[in-house]
Amino acid sequence: METNPVTPTTISTTSVETAVKTRSVARRRIKTILIALLSVVLLFVSLVMAFHAYIAWTLARPHIDPLRSNPSIAFGAAYQDIEFPSLNGSSVLSGWYIPAQQAAPAKKTVVFSHGYGGNREEIWVPIYDLARELHKQNYNVLMFDYGFVQPKESVTGGIRESQELLGAIKYAKDQGAEHVYVWGFSMGAGTALQAALLTDDIEGMILDSTFILEPETLYHNMKQVANLPKYPTQPLVDFFFPFINGVNLSQIPYDKVKETKYSIPIFFIHGKQDLKAPYEMAQTIYNNQPANSGSELWLLPNDSHELIYRAHPKTYLSLTTGFLKNVAASQAFLQKEPGAVVN
């Protein structure tokens, strides 16, 4: 029986075709794997970017409860519903103006500056207690909501809010106040420090649990919620913040605030257990004030953010109202009116 021999040419052609097909299949597999890996990487990067964009969005839009009461219900004080523009006209604010208890118009007004995530009622501090005491001691009181309480506005870390506080101060002056003091809480205290860089109409400030938004304090607070790595979390949130919220965190003059020697007395109140606003910042600003400025620091070892009044109500009221009286007395003396009665 005869068989047809396989020629070398036939063997060579078949081997080449097989090798080509094998390499082609391998290349397709590698390409598929690379596309899959690239897709996974792109998906991961997209999720990371979206997550940090969401953080930037939510930081500027905290949940805020509606008003629960008013000065008449809370402590029987007559008050006026008011509206006024920010100093630069970028927003319109609403609030309450509470005239002093005595019949004669008072010349002293305290403007409350509430914190992040709250409204004029400042739910973490029993602010009606403070307003009641000021009302009894013949201060007018102005309580108002920052623009971010409105749904259309966002938190700007004091950039827009400082102009809103200046608008409140102007309103108080327009009502006849000759002496205006600001009492700020948390970010509202940091906003007060920013506003004081821009005006001479503030004659003294009480700052409880001062919070100033800067990269370090921003990350400090994010870490309380989720143990995220500093990098890339902090740079990415900084990157997305202006695109989503319309302001750049670098516009906040946090370095200037920390370096300024203010020409007015400031009473800093802070707890060493504050997990939202590191006490070292308030201590640094206080230490930077001139020795003869009249500024004071009440630093408590075991208290936390905005809870100092609740823990020490009598001492808190005594020290804060005493500070305001001392400031008024010093101002009367500087005006060469020692012994004058300051309304």
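The values are calculated or read from the model by the stated rules, or taken from the named source; none is laboratory data. None of the values given here were measured: they were computed from a predicted structure. Counting neighbours? That spans all protein chains shown, and the Cβs are built from the backbone with ideal geometry, glycine included. For accessibility, only protein heavy atoms count, side chains too; no ligands or nucleic acids. Shrake-Rupley method; radii C 1.70, N 1.55, O 1.52, S 1.80 Å.
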Exercise for review: Pairs of Cα atoms under 8 Å, at least six residues apart: use those to get the relative contact order of the stretch 38-122, whole percent.
Suggested key: 24
**Study point:** Considering only the chain, percent of DSSP beta bridges that pair antiparallel, nearest 5
**Key:** 30
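Shape call for the stretch 179-323 from the C-alpha gyration tensor, a ≥ b ≥ c root eigenvalues: rounded (a/c under 1.5), prolate (a/b greater than b/c) or oblate?
It is oblate, given that a/c is not under 1.5 and a/b is not larger than b/c.
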Review point. For the stretch 162-260, what is the accessible area per residue in Å² when the probe is 1.4 Å?
Key: 38
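Let me have the relative contact order for the chain, percent, based on Cα pairs under 8 Å that are six or more residues apart.
15
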Review point. Where a Cα-Cα gap under 18 Å defines reach, which lysines qualify for Lys276, not counting those fewer than 8 residues away within the same chain?
Key: Lys223, Lys230, Lys258
Practice item. Divide the volume of the convex hull of the Cα atoms of the stretch 237-338 by its number of residues and quote the answer in cubic angstrom per residue. Key: 139
Review point. Which aspartates and glutamates have a Cα less than 15 Å from the Cα of Lys173, not counting those fewer than 8 places away in the same chain?
Key: Glu83, Glu164, Asp200, Asp201, Glu203
Review point. Along the charge dipole of the chain, Cβ charges K/R +1 and D/E -1, which of Leu228, Asn70, Pro253 sits furthest on the positive end?
Key: Leu228
Review point. Ignoring ligands, DNA and RNA, what percent of the accessible area of the chain is carbon or sulfur (1.4 Å)?
Key: 58
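Considering only protein heavy atoms, what per residue accessible area in square angstrom results for the stretch 42-160 with a 1.4 angstrom probe?
Ligands and nucleic acids excluded, the result is 44 Å² per residue.
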Check your understanding: Assigning unit charges at the beta carbon (Lys, Arg +1; Asp, Glu -1) and nothing else, what dipole magnitude in debye, to the nearest 20, does the chain show about its Cα centre?
Key -> 1000
Review point. Could you name the lysines in cross-link range of Lys21, using Cα to Cα under 20 Å and dropping any fewer than eight places away on the same chain?
Key: Lys31
Study note, to complete from the structure: Rounded to the nearest Å, the spacing of the alpha-carbon centers of the stretch 80-144 and the stretch 182-207 is 14
Exercise for review: Give Lys108/Lys272; Lys272/Lys314; Lys170/Lys272; Lys170/Lys325; Lys107/Lys152 a once-over and call out the pairs whose C-alpha atoms are over 25 Å from each other.
Suggested key: Lys108/Lys272; Lys170/Lys272; Lys107/Lys152
Review point. Which helices, counted as full DSSP H runs in the chain, have an axial Cα extent of no less than 24 Å and a Kyte-Doolittle average of -0.5 or above?
Key: 8-59, 313-334
Check your understanding: Relative contact order, percent, of the stretch 219-309 when contacts are C-alpha pairs under 8 Å separated by at least 6 residues?
Key -> 29
Practice item. Could you list which residues have their amide H under 5 Å from that of Glu296, counting only those 5 or more apart in sequence or on another chain, with H placed in the peptide plane? Key: Ile266, Phe267, Phe268
